[in-house]
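Participant: Provided herewith is a single structure, encoded as structure tokens, for subsequent inquiry.
The values are calculated or read from the model by the stated rules, or taken from the named source; none is laboratory data. What you are looking at is a predicted structure, and each value in this text was computed from that prediction instead of being measured. Note: ideal-geometry Cβ built from the backbone for every residue, glycine included; neighbour counts use all protein chains shown.
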Amino acid sequence: MFRFSCPLIVYCWLIISAVATAQDGRPEVVLIRGGAGYWPGVSALSQELSDHGFSPRVIMGVTHSIHARSIADQYLAGQRSGPVTIIGYSSGADYACRMSRLLGERGVPVSTLVLIESTLGTAVPNNVDYCVNIYESRPATDWIPVFRGVPVQATNSQTNLLNLDSRANGDLQWMTEYNHFTVVSNSQSHVMLRNLLQLRQSQQSQPVLPAPSESLLPPPPPLPPPSPPPEQLSAVPQTALPTGYRATPKSRLRTLFRPSQTAY
């Protein structure tokens, strides 16, 4: 009898979790686990997000269609007005793209899609506004379609897509100290993801959203005042000039992707 009741209990639990939503008005974030439910540290990440005003929902990748249907039903019934945010890790990143596609088929836009170590590189569907794909290229093993991270493409040219290879990005070099199985298990990655969602939340309150290569980055500092005419140089105190600032992607990404220097 137990062999038959156990699957039924699991199925009922999946249905209940699928229809559960945040009742306190906080923005919901769907976190999709990797294969076989693997995501070390997802409980700590959920707590990090919850402590900063989000309502995380952790799901299994195989239940993505159930959750997509629940969200779409609420959205079309006018019971859900906030943005849809989805984060997927490993094969969960591929499920995140599939879940977004199912939502798009129901006319539901996805505001923010965050992919971490996408194993198959599933294309980002055309209903996604912003997508950030974080991965580490591993030339020696990337030909194997498991336990890897690869760049993705968007099916809609209007989707703001940012592929970030930690191996090639100086401000993400700290992530290369981990591997595919541990990159999401540390507090640094949790704070980075929280910073990203907070930044997206602040951007969504603005009437116009900039492109991700700009919007994910802090603005450059103001330019120094113009130099005085030559005849006034003698009256100007000789002080050291501030260090020059180059508004390169590397320097502007520093605030977001170096969690130890968070502004929140």
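Participant: Out of the range 168-211, which residues are among the acidic types (D, E) and either surrounded by fewer than 18 Cβ atoms within 10 Å (Cβ to Cβ) or modelled with pLDDT of 90 or more (or both)?
Facilitator: E177
Participant: Tell me which residues, restricted to the range 95-109, are under 26 Å from H180 (Cα atoms) and either buried (at least 24 other Cβ atoms within 10 Å of the Cβ) or out of contact with any helix residue (DSSP H, G or I) (no Cβ under 8 Å at 6 or more places or on another chain) (or both).
Facilitator: Y95, A96, C97, M99, S100, R101, listed by residue number.
Participant: In addition: If a residue must be buried (at least 17 other Cβ atoms within 10 Å of the Cβ) and more than 14 Å from S91 (Cα to Cα), how many such residues does the range 26-57 contain?
Facilitator: Of the residues in that region, 14 qualify.
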